[in-house]
1. Tell me, Tyr224, Tyr145 in order of fewest to most beta-carbon neighbours within 10 Å?
2. For a 20 Å ceiling on Cα separation, which of these pairs sit above it: Lys159/Lys284; Lys317/Lys350; Lys284/Lys317; Lys196/Lys221; Lys122/Lys284?
3. Let me know the shape class of segment 1-67, please: from the alpha-carbon gyration tensor, a ≥ b ≥ c as square roots of the eigenvalues, rounded when a/c is under 1.5, otherwise prolate if a/b is greater than b/c, or oblate.
4. What are the ³J(HN,Hα) couplings of segment 178-189, residue after residue, when phi is run through the Karplus curve with 6.51, -1.76, 1.60 and θ = phi - 60°? Round to Hz, x for glycine and proline.
5. Which residues among segment 233-269 fall inside the zone where the amide N is under 11 Å from a point 7 Å beyond the Cα of Leu291, along Cα→Cβ?
6. For the chain, what is the charge dipole size about the Cα centre, in debye to the nearest 20, if Lys and Arg each add +1 at the Cβ and Asp and Glu each add -1 at the Cβ?
7. Report, in degrees rounded to the nearest 10, the 0 to 90 angle that the Cα long axis of helix 151-163 makes with the longest principal axis of the chain.
8. Which of the peptides 78-85, 276-283, 228-235, 116-123 is most tightly packed, and how do the rest follow, going by the mean number of other Cβ atoms within 10 Å of each residue?
Amino acid sequence: MELTSEQINYCMECGVCTGSCPISQVDTRFSPRQMIKRTLEEQEEDILQNRDIWACLSCARCSDRCPVEIDFPEFIRSYRAKARERNNFPHESHHGIFHTLVNLQTGNINQNRTAWATDAGKFREQGEYYLFVGCLPYYDIFFRYLDLSCIDIAKSMLKLLNKVDIEPVISNEECCCGHDALWSGNEEQFLELGKKNIEQIKASGASTVIFGCPEGYMNFKYYYPKYFGNLPFEVIHLSELLASRIPEANISFTPDKEETITYHDPCRLGRWSGIYQQPREILKQVPGATLTEMPRNKEGALCCGTTAWMECSSCSKAMQMERLTEAEDTGANTLITACPKCQIHFSCSKTNTDIGINIKDIYTYLSEHLE
């Protein structure tokens with residue numbers, strides 16, 4: 001990533017990025033500005049061999065606040081690709097099982113990714129709308145020990161789409177969007193996955209692809225066009241679609257007069273994609289539920305603590321506990337997430353603690369209140 005002389009001069013006199021970085025608040029040795037400075041001082045090789053390159057969460061708090069618009073997450077992403085060439089690899093969480101699954105999906109394996117949908121709602125093999133389910137079927141298998149049913153998120157998305165008169169395409173040929181490969185420096189694998197997905201969606205005849213996962217949405221919205229050019233279809237996040245469709249669809253939700261909820265803004269949906277209001281609008285469709293905000297919300301929201309299934313460290317756990325405590329301190333009894341990984345990470349950290357707040361996915365919550 002090339003920096004202008006103005007950016008360099010300002011950067012060396014600033015420090016907003018380090019002051020904003022949630023990792024720097026827990027580990028004072030980590031500094032985005034110092035990493036940039038070391039590259040300018042021709043210490044690139046030192047950075048490529050350092051573990052710090054994998055610590056960044058790419059949460060975008062630094063770039064969102066940078067006065068000269070330095071894109072530090074992109075700086076990190078590009079250096080991770082170089083680090084792999086130096087045999088400096090990330091510490092993969094969960095013994096690397098999810099990276100192995102992504103590897104398998106680059107091949108010609110047979111997947112039954114639609115079995116869950118047969119009793120959940122109506123869907124098609126060809127049509128105008130395509131529901132990108134992503135990795136939820138895999139998460140459903142691996143995180144049952146947390147009492148999570150990730151496939152309920154997919155079922156809830158389908159039910160809600162049916163309620164607004166959309167019968168989307170769901171496909172067994174779909175594979176991982178490549179987010180984790182891209183952000184762990186494996187561009188070759190990302191390209192293989194992206195090519196397969198684009199070909200499959202084109203073959204379905206869809207002109208609009210709907211995403212519930214912020215990572216998939218962000219990947220298709222920004223990185224697919226960067227690597228593959230203009231896409232032959234539109235992409236939309238489900239919260240955007242529901243916010244525009246629910247008011248005119250005559251949908252009724254059952255009241256929840258005793259519930260106070262708070263909403264966690266995922267980094268990929270919020271700071272990366274600018275989608276803040278639509279999730280809140282659809283949550284307010286449930287009558288009686290009170291939405292209360294955490295002190296750090298929207299642009300200032302705290303990250304869930306890890307990304308791309310790597311570097312799940314003590315820093316990550318400290319951040320997750322900080323966020324859970326912040327949510328509970330609002331007086332809410334339910335923390336609503338709009339990202340499956342956020343729900344997984346918070347649920348994991350909550351285990352064996354006295355944190356009492358419930359953690360629910362936004363689409364599951366809405367689906368539970370459908371009349």
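1. On the way: Tyr224 21, Tyr145 8.
In order of increasing Cβ crowding within 10 Å: Tyr145, Tyr224.
2. Details: Lys159/Lys284 18 Å; Lys317/Lys350 10 Å; Lys284/Lys317 31 Å; Lys196/Lys221 16 Å; Lys122/Lys284 26 Å.
Going by Cα-Cα distance, Lys284/Lys317; Lys122/Lys284 fall outside the 20 Å limit.
3. Numbers: a/c = 1.77, a/b = 1.06, b/c = 1.68.
Oblate is the answer for segment 1-67, as a/c is 1.5 or above yet b/c matches or exceeds a/b.
4. x, 4, 5, 5, 4, 7, 10, x, 9, 5, 4, 5
5. 243, 261-264
6. On the way: 37 positive and 51 negative charges, 42 e Å.
Charge dipole of the chain: 200 debye, to the nearest 20.
7. 60 degrees
8. Numbers: 78-85: 17.2, 276-283: 19.0, 228-235: 13.4, 116-123: 15.5.
Averaged packing, sorted descending, gives the order 276-283, 78-85, 116-123, 228-235.
Values in this text are rule-based calculations from the coordinates and carry no lab data. Because the structure is predicted, anything quoted here is derived from the model rather than measured. In this analysis, Cβ positions are derived from the backbone assuming ideal geometry, glycine residues included, and neighbour counts consider all displayed protein chains.
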